[in-house]
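A short write-up of the structure that comes next.
The values are calculated or read from the model by the stated rules, or taken from the named source; none is laboratory data. Here the structure is a predicted model, which is why all the values come from computation and not from measurement. Here the Cβ positions follow ideal geometry from the backbone for every residue, glycine too, while neighbour counts run over all protein chains shown.
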Amino acid sequence: MTTPDWFVFRGTGEPHDGVDRLPEPPPWRDFDGSPVVSGPPDLGAESTRRLGSDAAMGSAGLAWRPAELEMINAALYLRRPLLVTGEPGSGKSTLAHALAHELGLGRVLHWPVVSRTTLREGLYSYDAIARLQDMQLAREGGEDHTRDIGRYLRLGPLGTALLPYEKPRVLLVDELDKSDIDLPNDLLNALEEGEFTIPELQRLQAVQETVEVDTDDDTRAEVTKGKIRCRAFPVVVMTSNGERDFPVPLLRRCLRLELSSPKDDEWGTGRLRSMVRAHFGEDDAEANDALIRQFLQSRPGALRTADQLLNAIYLTQETVRGNESDRQRLAELLMRPLDHGEPGPS
């Protein structure tokens, strides 16, 4: 496939400055937050674990289907979140790390969602109890008990992503379908307006207009008048296993991308091969390809994930390398369908 000229994310895994060539955002997605925040931390170990030691190899070849690349790039141009659905192991979360790596956007901000997750946890946390205790101790010791409130505030992954960075941050909202019924609706305003307020700081703006707070990157950032507004809208990847329907107001603010199972066609097979080579290199390539074929031979509808394949390759390389029959038997034990649709070997 020839990569269209308008693609910013090419899916090759080779870092480049294409994000600098994005056109101006649509007028309704243009934000003007200030003051500009300096660049983010480096990519980090989590992305290396996801992409493998050779990230370019892990993203190359047939890893991304043309239609997937079109939707990903459309989200970049339109400054809209991507709602990515697919089976476990289809590469939903990995997409965020591939974007950050290829486009040079630094560490991925990761917001794992569970049933108890609230919007405020994603935006910021405020330790009022610790502040009160410190003020009491200072007062008892005859010290100045006026304590900077910024020491007790920490921006969450979403709050950090909405800081006015010159280049967008990558935010992974992982497994949104695990949330309670309110969170998808609660997200609407932050995703649409690209801003939020911190009431604890707004109440103090008459006496302290600008406050430094901690961020999810373990750095400090200035907040003025209790409001944070983005400058470059973050690259938001929200993942879902398809276990629930989302409200229409959320869906209309997102672009929807469905990743097929790795077993569906040649593109999925290519993605598996790229993933394996990124983590294990070319050593034992022939034996690894045999395990990939074994992984792909499960009956239609059987649920297997790429994690199982990687576990099988690693363990068999370390324990029964060179013994093909033992390798196939041990791999089959590790790659049994998660839905118990196929019996394991006797």
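Taken together, the criteria exclude GLU192 from residues that are in a helix (DSSP H, G or I), of a type outside the set (S, T, N, Q) and in contact with a Gly (Cβ under 8 Å, 6 or more places away or on another chain). Scanning region 224-243 for residues that are within 18 Å of the chain's Cα centre (by Cα) and of a type in the set (Gly, Ala, Ser) yields ALA232, SER240, GLY242. Of all the numbered requirements in (1) assigned by TED's automatic domain parsing to the domain that holds GLU318; (2) at pLDDT 85 or above, GLN294 misses one, and that requirement is (2). Out of curiosity, is ARG304 among the charged types (D, E, K, R), in contact with a helix residue (DSSP H, G or I) (Cβ under 9 Å, 6 or more places away or on another chain) and at pLDDT 85 or above? Considered against the rule, which asks whether it is among the charged types (D, E, K, R), in contact with a helix residue (DSSP H, G or I) (Cβ under 9 Å, 6 or more places away or on another chain) and at pLDDT 85 or above, ARG304 comes out as no.
Taken as a whole, the condition of being within 17 Å of PHE246 (Cβ to Cβ), in a loop (DSSP other than H, G, I, E, B) and at pLDDT below 95 does not apply to ASP144.
When region 195-218 is limited to residues that are of a type in the set (A, V, I, L, M) and not in a loop (DSSP other than H, G, I, E, B), the one that is nearest to ALA75 (Cα to Cα) turns out to be VAL213. The set of residues in region 219-231 being assigned to a loop (DSSP other than H, G, I, E, B) and either buried (at least 23 other Cβ atoms within 10 Å of the Cβ) or in contact with a Leu (Cβ under 8 Å, 6 or more places away or on another chain) (or both) consists of LYS225, GLY226, CYS230.
Among the residues of region 240-252, just one is over 24 Å from PRO25 (Cα atoms) and not in a loop (DSSP other than H, G, I, E, B), namely SER240.
Quick check, is ALA98 in the same structural domain as PRO234 (by TED's automatic domain parsing), among the aliphatic types (A, V, I, L, M), at pLDDT below 95 and in a loop (DSSP other than H, G, I, E, B)? Answer is no for this residue.
Residues that are more than 31 Å from the chain's Cα centre (by Cα) and in a loop (DSSP other than H, G, I, E, B) were ranked within region 312-342; the one that is modelled with the highest pLDDT is VAL320. Here region 121-141 is the region considered, the condition is being outside any helix (DSSP H, G or I) and of a type outside the set (S, T, N, Q), and the residue that is surrounded by the fewest Cβ atoms within 10 Å (Cβ to Cβ) is GLY141. Considering every residue within region 175-196, establish whether at least one is in contact (Cβ under 8 Å) with a residue 60 or more places away in the chain, β-branched (Val, Ile, Thr) and either farther than 21 Å from PRO25 by Cβ or buried (at least 22 other Cβ atoms within 10 Å of the Cβ) (or both). Looking for residues that are in contact (Cβ under 8 Å) with a residue 60 or more places away in the chain, β-branched (Val, Ile, Thr) and either farther than 21 Å from PRO25 by Cβ or buried (at least 22 other Cβ atoms within 10 Å of the Cβ) (or both), one finds none in region 175-196, hence no.
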